[in-house]
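Report on one structure; see the data block that follows.
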Amino acid sequence: MDMQGETVSICDVDKYGLLTVVAVFAKYRLILVLGFIAAVVIAGLYWLLTPENYDSSSTFIPSSRVLGDSDSGQLGALKSAALSFGVSVSAGKADPSLLYSSFLESRVVAEKAIMEEFVDANGDTLRLADRFSKDHSSREEVMYYGRKWLRNKVLRVSTDPKTGMTTVKVRLENRQIASELANFLVREVEEFNRGIRAQHAIDQYEFIDKRYEEIAGKLEDAESELRVFLEENQVRRDSPTLELRLNKLQRNVNFYESLYSNMGAQLELARIESIKDFPTIIVVDVAQPAAFKSSPRLGKALVLFVFVIMFGLCIVVLLVDYFVGVSESMPIMYIRSVFKNR
């Protein structure tokens, strides 16, 4: 079969498409090999030149999950306080751990973290705001770009809905600052929760104390009314009307005495609650400086760059062969002739 000077593209022989593709790759094997080497080199350069990042995480769980203490009043106080931090609380977010997750991502906490001073491994004091203050003069701009950077690139907060365990993960170039920032955020949760618990206890105490004073006044009035009645009717106790009146006044006194005693006990409990000092969250894992960098990873970079570059080169090679054609001197022509002669 004489096919001198003939050129054939991939789509000329559909029956032997796979062999055609193999032959095209064989023809351009030098380009593919060079592309593979280039992908490896680029991945290596990316790994060497990209700044190193370190992950540090701290995990905590609300003490109510461990101690089995559920206080609906305190939860309501948490929701109210969350609104003051710009955290909208839906009906589904009834778990304190979910409230804490939203609190950690709030604007107020982000700005406190940005302005906080941290000490690195060399003893130098650093602030996250310093990286933005060089390019932005106003505090508003520093806060805006700092919050955006913190939310999108640095902070990750995740909560297990079953256990209520919350993990605060921080990724930074400085491993010491990363661990300090993670621990700082957990401390913010603890301080926030302690403040809410203390304020809730104080509000509850003040309410009971006010009610206690009201009942004490009513008890005093009831006793005074009974005393006046007895003084005015010492002789005439045989009257049924007076007897009914006396019984009614006596019941009032007994009622307010019982209520007064009960409120006194509640007031004492509220006083004890207001001075309690116990952890509102239990820190399961304290953040430590990472031993190894989290990114970039050489293996991931190699896989990514080799796949993308080689896939792109294969597409380009096939397109070039489609439009330019494969000459008869290529092995594919011999393969085709063998199949055609059968």
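The values are calculated or read from the model by the stated rules, or taken from the named source; none is laboratory data. Owing to the predicted nature of the structure, the values given are computational and were not obtained by experimental measurement. For neighbour counting, all protein chains shown are included, and Cβ atoms are generated from backbone atoms with ideal geometry for every residue, glycine included.
Quick check, is residue 140 loosely packed, with under 13 Cβ neighbours inside 10 Å and over 23 Å from residue 52 (Cβ atoms)?
Numbers: loosely packed, with under 13 Cβ neighbours inside 10 Å: yes; over 23 Å from residue 52 (Cβ atoms): yes.
Yes, satisfied.
Is there a residue in the stretch 300-309 that is surrounded by fewer than 17 Cβ atoms within 10 Å (Cβ to Cβ) and under 20 Å from residue 171 (Cβ atoms)? Can you show your working first?
Within the stretch 300-309, the first condition is being surrounded by fewer than 17 Cβ atoms within 10 Å (Cβ to Cβ), and the residues that meet it are 300, 303-304, 307-308.
Narrowing further to those that are under 20 Å from residue 171 (Cβ atoms): 300, 304.
Within the stretch 300-309 (the criterion being surrounded by fewer than 17 Cβ atoms within 10 Å (Cβ to Cβ) and under 20 Å from residue 171 (Cβ atoms)), the answer is yes, since at least one residue qualifies.
Table: residues versus (1) surrounded by fewer than 19 Cβ atoms within 10 Å (Cβ to Cβ); (2) not hydrophobic (A, V, I, L, M, F, W, C).
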| residue | (1), (2) |
| --- | --- |
| 170 | no, no |
| 173 | yes, yes |
| 177 | no, no |
| 185 | no, no |
| 189 | no, no |
| 195 | yes, yes |
| 198 | yes, no |
| 201 | no, no |
| 205 | no, yes |
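Within the stretch 99-208, which helices (runs of 4 or more DSSP H) (wholly inside it) include 2 or more residues that are of a type in the set (Ser, Thr, Tyr) and within 27 Å of residue 295 (Cβ to Cβ)?
Because the criterion is at least 2 residues that are of a type in the set (Ser, Thr, Tyr) and within 27 Å of residue 295 (Cβ to Cβ), the helices (runs of 4 or more DSSP H) in the stretch 99-208 that meet it are 139-149.
Out of the stretch 24-41, which residues are surrounded by 14 or more Cβ atoms within 10 Å (Cβ to Cβ) and basic (Lys, Arg)?
The one that is surrounded by 14 or more Cβ atoms within 10 Å (Cβ to Cβ) and basic (Lys, Arg): 27.
Specify which of the listed residues (107, 65, 139) is modelled with pLDDT under 85, of a type in the set (Lys, Arg) and more than 20 Å from residue 175 (Cα to Cα).
65
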